[in-house]
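**Q** The structure is given below, and queries will be raised subsequently.
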Amino acid sequence: MSGGFDYSFEGWNGRPMRLTTEAYYKNMRDVVPYDIDNVRIRYFGENSAKAYATGIEMRLFGELVKDAESWVSLGIMNTKEKIAGAMFYNYKLDSLNQPTDSTLMKQGWVRRPTDRLITFGMFFQDYLSTNKNFKVYINTLYGSNLPYNIPGSVKYRNALIIDPYIRIDIGFSALLLDGDRSKRRSHSPFKGFENIWATLEVFNLIDRDNTISYLLIKDFSNTTDSIPNRLTPRLLNLKLVTRF
């Protein structure tokens, strides 16, 4: 079940703006649970769970700078699952940390691997006031924490936390060849080109170590250590875009 709307209106100085919103709810049965182990997905192989996902997504488009569209977005989501027959023991420990009693407990509702509560994005464009052929953009993305599971664990299923995802990109573009072909010589090698743009981009400007998953390793004492799998660090990208 989902519903949404688009609303177009005029902002400051009569500039066009548009708000899009969508809310959704999905109830799922006969779900196949899965674990994320390192970068592998391990399915249970049984339709043993029920789950739900609900949330709302909003995005506002507008021209903060004339003829350069920017936007800001916000998403809120909650998704959980309940596995049939999932049970675990709660142990009562003495002063020596030895179990003296136990209670069989039902697992109940737990977070799904994709349960990210908040996703926020912002894209902003600008150009030189004296020359629109030189542009700059900034793209920002934030995602709150994700759950992570120790494979085979029932009591602590999806109880580990992957830190929030934060990334900022910036790019600079310059028009090297415009679409006015009347100024080109008849024998020019660029006569057939419509335009040529050169772009310099810096991905992950703040050089944040974003984590996608963990590699779980047991040592000789049966202690489990988690080794993070990192995404791309700061990266410089240079590209040339041509249109014929």
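**Q** Applying the Karplus parametrisation 6.51 cos²θ - 1.76 cosθ + 1.60 with θ = phi - 60° to the phi angles of region 5-14, what ³J(HN,Hα) value in whole Hz is obtained for each residue in order, glycine and proline being reported as x?
**A** 8, 10, 10, 9, 7, 9, x, 5, 6, x
**Q** Next question, about the same structure. When the Cα centres of region 22-46 and region 53-116 are compared, how far apart do they sit, in Å?
**A** Here the two parts' Cα centres lie 13 Å apart.
**Q** Considering lysine pairs in the chain that are 8 or more places apart or on different chains, how many have Cα atoms under 16 Å apart?
**A** Value for the chain: 16.
**Q** Of Gly171, Leu215, Gly121, which is farthest along the charge dipole of the chain in the positive direction, counting Lys and Arg as +1 and Asp and Glu as -1 at C-beta?
**A** Gly171
**Q** Next question. At a 1.4 Å probe radius, carbon and sulfur cover how many percent of the accessible area of region 100-183?
**A** 60 percent
**Q** While we're on this one: Let me check I've understood the local charge: for Arg18, count other residues with C-beta under 9 angstrom from its C-beta, Lys and Arg +1, Asp and Glu -1. What total comes out?
**A** Neighbourhood net charge equals 0.
**Q** Could I ask something else about it? Can you give the Rg and Dmax of the chain based on its C-alpha atoms, in angstrom?
**A** Computed over the Cα atoms of the chain, radius of gyration and Dmax are 25.8, 92 Å.
**Q** Per residue of region 35-52, in order, report the coupling 6.51 cos²θ - 1.76 cosθ + 1.60 (Karplus, θ = phi - 60°) as ³J(HN,Hα) in whole Hz, putting x for Gly and Pro.
**A** With coefficients 6.51, -1.76 and 1.60, one gets 10, 9, 10, 6, 10, 9, 9, 10, 8, 5, x, 9, 7, 10, 9, 10, 8, 8 Hz.
**Q** Once you list every other residue whose beta carbon is under 12 Å from the beta carbon of Met28, what net charge do they have if Lys and Arg are +1 and Asp and Glu are -1?
**A** Within the 12 Å Cβ shell, the charges total +4.
**Q** Still on this structure, please answer the following. Measuring from label point to label point, each 7 Å out along Cα→Cβ, what is the Leu200 to Trp109 span in nm?
**A** Spacing of the two 7 Å Cα→Cβ label points: 5.2 nm.
The values are calculated or read from the model by the stated rules, or taken from the named source; none is laboratory data. As the structure is a prediction and not an experimental result, all values here were calculated from the model. Every residue, glycine as well, gets a Cβ built from its backbone with ideal geometry; the counts of neighbours run over all protein chains shown. Calculation scope for accessible area: heavy atoms of the full protein, side chains included, ligands and nucleic acids excluded. Shrake-Rupley method; radii C 1.70, N 1.55, O 1.52, S 1.80 Å.
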